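Comments concern the structure below.
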Amino acid sequence: MSDTHGIGRVVLASNNAGKLREFASLLNAAGIELIAQGELGVPEAEEPHPTFVENALAKARHASALTGLPALADDSGLCVRALNGAPGVHSARYAMKHGGDKSDAANNARLVSDLANEADRRAYYFCVLVLVRHADDPEPLIAEGRWHGEVIDTPRGAHGFGYDPHFFLPTLGMTAAELDPARKNAVSHRALALRDLLQRLKELA
């Protein structure tokens, strides 16, 4: 990381390849070196909390404690209005909670099924980012972003991951999975949260 931020190498508290690609693309442009926790032998942390921010903080502290490095963690998910905010913090394990598999395909199938009789398809991706400079950092940097759209039944697009093929963006006339990676990285919930985080880092310089 550049000296202006006062932080060196940062471990990403995730083993999700899709997230690593998105974060690395966005952070490399800001001169931030990011390394996945799996490359350092860090196992995934538990995510038992009911809120995004608590889960992100737990993951960041876990990765930092085991590596001695500053750590960046996110907790993100799809929040659907008609489902009272679900899948929410359980987005990655939505189908599992109902006896299904832990996979994008199973999660998407469950989501479409749960919305079968719902006219309101409004939804948003939500992302909370937490950066700790050390495991016991009393002032973690916290940023967030929301990306509004709606859920469609038929998947479209070959990019992205998670619920992207079913997350339609009316203003663009495309799903998140139809956006090329560079465009998605400019407008997504993670992009919005990262811009917020980078601004906070600049203010600390």
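The values are calculated or read from the model by the stated rules, or taken from the named source; none is laboratory data. This is a predicted model, so every value here is computed, not measured. Positions of Cβ are backbone-derived with ideal geometry, glycine not excepted, and every protein chain shown enters the neighbour counts.
Listing for the model above:
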read-out	value
ASP101, sole failed condition from (1) at pLDDT 95 or above; (2) part of a loop (DSSP other than H, G, I, E, B); (3) over 25 Å from LYS202 (Cβ atoms)	(1)
Of all residues making up segment 113-140, the number that are surrounded by 15 or more Cβ atoms within 10 Å (Cβ to Cβ) and free of Cβ contacts under 8 Å to residues at least 60 places away in the same chain	4
Hey, PRO43 farther than 18 Å from ASN16 by Cβ and part of a loop (DSSP other than H, G, I, E, B) or not	no
Candidate set from segment 11-40 (those that are of a type in the set (A, V, I, L, M) and assigned to a loop (DSSP other than H, G, I, E, B)); member that is farthest from ARG183 (Cα to Cα)	ALA13
Single match in ARG81, ARG61 (criterion: over 20 Å from PHE167 (Cβ atoms), of a type outside the set (Val, Ile, Thr) and in contact (Cβ under 8 Å) with a residue 24 or more places away in the chain)	ARG61
Identity of the residue in segment 60-74, hydrophobic (A, V, I, L, M, F, W, C), assigned to a helix (DSSP H, G or I) and in contact with a helix residue (DSSP H, G or I) (Cβ under 9 Å, 6 or more places away or on another chain), that ends up farthest from HIS49 (Cα to Cα)	LEU66
Selected residue (criterion: farthest from ALA193 (Cα to Cα)) from residues of segment 76-98 that are of a type in the set (Gly, Ala, Ser) and in a helix (DSSP H, G or I)	ALA82
Qualifying positions in segment 107-132 - within 19 Å of ARG81 (Cα to Cα) and either under 17 Å from the mean Cα position of the chain (by Cα) or among the aromatic types (Phe, Trp, Tyr) (or both)	ASN107, ASN108, ALA123, TYR124, TYR125, PHE126, CYS127, VAL128
Residues (touching a His at 6+ places or on another chain (Cβ under 9 Å) and more than 15 Å from LEU141 (Cβ to Cβ)) located in segment 24-46	GLY31, GLN37, VAL42, PRO43, GLU44, ALA45, GLU46
Filter pass, PHE161 being of a type in the set (Phe, Trp, Tyr) and either farther than 26 Å from SER25 by Cα or surrounded by 17 or more Cβ atoms within 10 Å (Cβ to Cβ) (or both)	no
Members of segment 65-97 found to be among the small types (Gly, Ala, Ser), within 21 Å of ARG190 (Cα to Cα), over 12 Å from the mean Cα position of the chain (by Cα) and buried (at least 16 other Cβ atoms within 10 Å of the Cβ), listed by number	ALA71, ALA86
Residue in segment 46-64 that is among the small types (Gly, Ala, Ser) and over 19 Å from LYS19 (Cα atoms) present	no
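Every residue, every condition in (1) over 14 Å from the mean Cα position of the chain (by Cα); (2) more than 20 Å from SER25 (Cα to Cα); (3) part of a strand (DSSP E or B), yes or no:
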{"residue": "HIS134", "(1), (2), (3)": "yes, yes, no"}
{"residue": "GLU139", "(1), (2), (3)": "yes, yes, no"}
{"residue": "HIS148", "(1), (2), (3)": "yes, yes, yes"}
{"residue": "PRO155", "(1), (2), (3)": "yes, yes, no"}
{"residue": "PRO165", "(1), (2), (3)": "yes, yes, no"}
{"residue": "PHE168", "(1), (2), (3)": "yes, yes, yes"}
{"residue": "LEU172", "(1), (2), (3)": "yes, yes, no"}
{"residue": "ALA191", "(1), (2), (3)": "no, no, no"}
{"residue": "LEU194", "(1), (2), (3)": "no, no, no"}
